[in-house]
Amino acid sequence: MTDEPSVSEQESSSPRGRRLQGVPPAGSRRIGDLQSGAPWSSQQAVGAEATLRDIGFEPAGVVMGSVYSYGYPYRARLRSGTSSSYGSGSYANSTLDGPMLTKRSGGYVHDWSIGPAGQPVMDMGWTWEETRSQQRHRRIASEAVDHLVQEARAIGAHGVVGIQFGTTSMGKDGIGADVYELSVMGTAVRAPGVEPVKHPFTTHLAATDVAKLVAHGYAPVSFHVGISVVCAQLGATTRRSLRSMDNGEVEQYSEVTEKSLQIARRDLERTSLSAGSVILAATPLVHVNRSMNTTYEATVRIPASRVRRFEHSGVQSGLHYQPIVRLNEQP
Amino acid sequence: MGSIAAQLVSSHEDVVDHTKTSAGAPVPPTGSGGDVEASVTTDLSVDEWLLVDDSGYEPCGLLFGVAVFHIGLVGVLTGNGEVDTLSSALLRARELATGKLQAEARRVGATGVVGVRLSIDQLGGKSHLARFMAIGTGIRPKGAAVGTESQPATPFLTALSGQEFALLLRGGFLPVGLVMGVCVYHVRRLGPLTWLRTYSQSIEMSAYTSALYAARELAMVRLQAEALGLQAEGVVGMTTSELSHVWGSHVIEFFAMGTAITSLPDRQDLLDPTFVLSARDNVVSDPGAILGDDERTRDDK
Amino acid sequence: MSGHEPSTEGLPQEALERLHELEATGGTLGLFTSDLSVNEFMLVREAGFRPRGLVFGSSIFHVGIQGRRWGKNVELGKLTEALYSARELAMTRMEEEADVLGADGIVGVRLDIKYYDWGKHSAEFIAIGTAVSATEGGDWRTKRGLPFTSDLSGQDFWTLLQTGYAPLGLVLGNCVYHVGHRNAIGAINQYPRSMEQPKITQALYEARELAMARMQDEASSLGAEGVVGVQLVEKSHMMGSHIIEFLAVGTAVRPISGEHSLALPQLTLSLDS
């Protein structure tokens, strides 16, 4: 990037940590400085800081991870041979008796309609499918979090709180694919005197929320983003209802969005190091992409933190911890 | 024993590091007594979750209901009047979304869904498409098994937050459902003569007044009818809004929504609130102030 | 009860229908509606009242273009009257609705102005609130026999009662003022920018005072001891930046007990931002 120091600058400053995998030079340098005692930063509010110190954590520094990626033009499909076509001859699969619900797609339906020349035409296709974009998206989200965790580990942190997750769209590239950057950032915390760990806990919850959890017998475990990118090639029924004068539900669209939400949720519930816990999610982010009247793609991202039961024998005594239910409205 | 943080870190290690146990088997989460329950996702905030938990309820899942609705036929638009087709279409669309949410709630064995957010997003494009989405967290009394008689046939829906739900419960009330009323009204353009006549005067435009007044009342009458249908005692947290959607400013949708409640006479606690004086100013810290803007305003309360 | 027949002039048929539906009849227990939040609902009950129904009044007013006197700083009396009447009409209808319900008063009154694209120079003035009735009865209505009105939230309503006062009515005072153009105030160029502009100062000062005085007058005519929660707002509405409406709003109150002190609050500093 543009802020690379000269080689002599690198040599004359304090010892740098070893280059972290996938982390840019500036990042490795900053982490290295933190390892050698540079001042920590924290994105947590001052009051929040206090609650964490009360239970024995201290801020270690801001850590982050980011990945730049491109999606696939949204017509990509998991399987070929299923398309709606007018007047073409053979269809790969003609034995259908009702929708088949497979793990990866909606029912396979076929639909008769009248083509432009008045000829009968059969549309076949999946009502919805998980896309290749989805796998890619999940992979890079995971990569970004890995970078963040790596930075945290390098400074001896035992956990990362207040993780913010963001996607910045950067338009489209030459082949019409969406280009975007996915980034995560949080405040690493450390328990002084405790050995470094291989798996720091991660959570999007702010410090005060973590303190409240601990006071109630819970602890954060890990941060995940449930992701789904579900796409549908519109069937004749859908196209008819879009052109019609009726007021009614466009069922395929509803189904695709619902499925997208459900798949993102399942993504969350599936990625776990341990079962039997509660997943606290932030508001699901739903984004829909439509192309003319042929394709409908729903992208859902749900940032969430898994929490577990945690019993401890310490007392949060530094601060007078008083739960209050406020009867004023919040401004 | 070390600090709480130290205990947290070491128990976390136990949870994630399967090789630490002598038997080599995965260690169940601390305190769960060995039995492994399914994971449950919720979009309740920590505050909400803890309060709901305190009230004796547990979340049983993040639930969704989506209905993408197409409005093809708007109807004949002349004069001041209700556009019946649109009123029923917009109500139907919302009911579809909340109906699906309710079906989901039944499927996971929830007694009710709290924090329901009902959002409408225009999907753009030539056809008039709007996505109605209802999202909330299903809850049930703690320890209730799925599929017992205690599970009601119609789980209640409410837009109230977890905190509001807990407070309501404490006061001896229970939500019974989300109630809504819709009235889409078309307003006639002002004729040129009328415009000229009234140009310099400040007078009430009674025709318009009664039209819009009536439209709002209609939306509320319908909401009330729903509440009466649920045999509720009252409606709280009502919101009323005027929306214009895509048909231009002469067509206005009056929408009213609230939570219908009923009382549990044997559960009424007195609140007896305490006065608390917060030492925190009601001002959100502004980065501009730190970077040296000239004005710095404070709200001294 | 005052025994007077509620006037229902200006209320649409649908309103009457809706309000009657809320009443307890033979078999049913009746229904209440409210736009109170749960917090407010709880505190209103603590205060010894129960919500009866959402009440509102609306009026669409065409605001005429008064001849602009470019030179002067002057009150635009007709506009002042118009904007005042519009709100009064809306509030009167809201009070009538509460009267139909036999309520003792209205809390949480909001005065809103809605602009619609199709109405050039016209706006809908709305007054909306929740009608309440005292559970133990008592004499809460104004001396004219109408339900009290207040823009106090449920929380403030409870707090007010704790301090030994009761609301009488929402009081308003307004003044629509035209601030003169530069040229006419006389060679503003002569004044260096940082000097106070005495004529404009006087003008705006006067406008605010007028608004406040009118509000005070309303409070006097209600027989109030004081006015709480006074807000003075300035709006240009849609009339251009040289025309400003100053509006003073508050809730007039009367004492209901000799004691006017509050229990000592506890000091807290929340760690939530």
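Every read-out reported here was derived from the displayed coordinates using simple, explicitly stated rules and does not represent laboratory data. On a predicted model such as this, the values are computed, not experimentally measured, just so you know. Reconstructed Cβ throughout: ideal geometry from the backbone, glycine too, with neighbour counts over all protein chains shown.
Return the average number of partner chain Cβ atoms within 10 angstrom of each residue Cβ along peptide C:122-132.
Details: counts 7, 0, 7, 2, 5, 0, 3, 0, 2, 0, 0.
Counting Cβ atoms of other protein chains within 10 Å of each residue's Cβ and averaging gives 2.
Rounded to whole numbers, the Karplus 3J(HN,Hα) couplings from phi for the range B:177-185 are x, 8, 10, 9, x, 10, 9, 9, 10 Hz, using 6.51 cos²θ - 1.76 cosθ + 1.60 with θ = phi - 60°, and x at Gly and Pro.
Using Cβ counts within 10 Å as a stand-in for footprinting exposure, how do B:Y213, C:Y165 rank, fewest first? Spell out each step's value before the answer.
Numbers: B:Y213 25, C:Y165 20.
Listed from fewest to most nearby Cβ atoms, that is C:Y165, B:Y213.
The mean number of Cβ atoms from other chains found within 10 Å of a Cβ in peptide B:45-52 is 5, as a whole number. Ranked for footprinting exposure by Cβ neighbours inside 10 Å, fewest first, B:R188, C:R93 give B:R188, C:R93. In the structure shown, the pairs A:K212/B:K100; A:K259/B:K142; C:K114/C:K143; C:K78/C:K114; C:K78/C:K235 are assessed against 26 Å; a Cα-Cα span above that value is assigned to A:K212/B:K100; A:K259/B:K142; C:K114/C:K143. Computed from the C-beta positions of B:T262 and A:V46 and an R0 of 51 Å, the FRET efficiency is 0.70 to the nearest 0.05. Taking the fewest neighbouring Cβ atoms within 10 Å as the starting point, the ordered list for B:T98, C:T251, C:T92 is C:T92, B:T98, C:T251. The modelled label-to-label distance between A:K198 and C:D139, using points 7 Å beyond Cα along the C-beta direction, is 8.2 nm. Distances between placed amide hydrogens fall under 5 Å for A:G226 paired with A:I302, A:A304, all partners being 5 or more residues away or on another chain.
Close amide H pairs (under 5 Å, H built 1.01 Å from N) link A:V62 with A:S41, A:A188, residues at least 5 positions away or on another chain.
The H on the amide N of A:S277, modeled in the peptide plane, is under 5 Å from the matching H of B:S39, B:V40, each at least 5 residues off or on a different chain.
Averaged over its residues, how many other protein chain Cβ atoms are within 10 Å of peptide A:46-55's Cβ atoms? Spell out each step's value before the answer.
Values: counts 3, 6, 3, 1, 2, 2, 1, 1, 4, 6.
Across the residues of A:46-55, the mean count of other-chain Cβ atoms within 10 Å is 3.
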